[in-house]
Amino acid sequence: MAKLTVFFKDKAIHSHIFENGIVHIGRDETNDLTIDSLAVAPAHAAIIIRDNDCVIKQLNDEFPLIVNGERVKTCNLNNNDTLSMGKHDIIFNTAASAGPISRPIDEDVKSLNREIESGLYTMHSANLQVLNGNNIGKILQLKNAMTRLGHNGSGVIAISKRKDGYFVSVLENSGIITVNNEPLNDKLLKLNNNDILVIDNTSLQFFSN
């Protein structure tokens with residue numbers, strides 16, 4: 001596994017944990033990690049996460065990939081490496097291994113290139129409905145690649161749209177944040193239809209089409 005934390009102007013804006021496999025990074029909403037900036041390519045880079053190593057690969061020659069201040073096309077990643085894409089930085093952190101090595105890196109890269117060239121991404125649409133308080137019944141559409149909810153000091157979450165669904169994670173855990181009455185804590189959790197999120201005593205129900 002690996003943890004990727006995105007920074008803009010030295011401020012962390014979201015963080016995700018990924019299992020072994022390929023993590024797509026870019027401006028397009030179909031990426032696993034989306035960075036909303038014209039300085040980032042629609043398909044900018046990909047990280048291949050394995051038990052024993054992690055490799056990053058540049059996907060667009062017109063958009064530079066910089067690792068620890070040096071421009072690269074592909075390289076191995078180490079704990080606390082900084083990946084720079086436009087004005088955004090991504091801090092890479094290694095985590096405990098999550099599964100066996102299934103394929104060589106070359107096969108993963110070929111698979112990655114086939115996905116990007118053929119556009120095999122499925123877009124999703126989803127909403128949240130407020131279940132209590134002054135805004136009861138209000139529908140919040142999750143149109144963006146990443147939606148922030150909550151308030152500083154009382155808890156903030158991020159709901160990210162990825163090619164395989166919508167995922168919720170905590171940005172600021174200063175309040176009570178639960179999904180189906182279970183604390184979210186530092187988990188990255190895929191949302192399912194009718195899941196109930198509670199942020200600062202506000203309940204919201206998730207619906208996906």
Self-check item: the chain: most fluctuating residue of 21, 155, 69 per GNM, C-alpha cutoff 10 Å
Solution: 69
Self-check item: Accessible surface of residue 182 - all protein chains present, 1.4 Å probe, nearest 10 Å²
Solution: 110 Å²
Practice problem: Figure the gain on full extension for residue 74 and residue 1 (residue separation times 0.36 nm, minus the Cα-Cα span) and round it to one decimal in nm. | Solution: 24.4 nm
Quiz item: Which of the residue pairs 73/187; 3/190; 3/163; 87/138 have a Cα-Cα distance greater than 24 Å in the structure shown?
Solution: 73/187; 87/138
Exercise. Could you look at segment 41-91 and say what percent of its accessible area is carbon and sulfur, using a 1.4 Å probe and all protein chains?
Key: 42 percent
Quiz item: If R0 is 30 Å, what FRET efficiency do you get for residue 60 and residue 151 from their C-beta distance, rounded to 0.05?
Solution: 0.20
Quiz item: Helix-derived [θ] at 222 nm for the chain: sum -39500 (n - 2.57) over DSSP H runs of at least 4, divide by residue count, nearest 500?
Solution: -2000 deg cm²/dmol
Quiz item: For the chain, what is the accessible area per residue in Å² when the probe is 1.4 Å?
Solution: 52 Å²
Quiz item: For residue 19 and residue 143, what does the FRET efficiency come to when R0 = 30 Å and r is the distance between their Cβ atoms, rounded to the nearest 0.05?
Solution: 0.65
Quiz item: Quick one: if you stick a label point 7 Å off each Cα along the C-beta vector at residue 130 and residue 196, how many nm between them?
Solution: 1.8 nm
Practice problem: Apply the Karplus parameterisation 6.51 cos²θ - 1.76 cosθ + 1.60, with θ equal to phi minus 60°, to every residue of segment 15-30 and state each ³J(HN,Hα) to the nearest whole Hz, in sequence, with x for glycine and proline. | Solution: 9, 9, 10, 10, 7, 4, x, 9, 10, 8, 10, x, 7, 5, 5, 7
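The values are calculated or read from the model by the stated rules, or taken from the named source; none is laboratory data. Everything numeric here is computed off the predicted structure, so don't read it as measured data. In this analysis, Cβ positions are derived from the backbone assuming ideal geometry, glycine residues included, and neighbour counts consider all displayed protein chains. Keep in mind that these areas ignore ligands, DNA and RNA; they rest on the heavy atoms of the full protein, side chains included. Shrake-Rupley method; radii C 1.70, N 1.55, O 1.52, S 1.80 Å.
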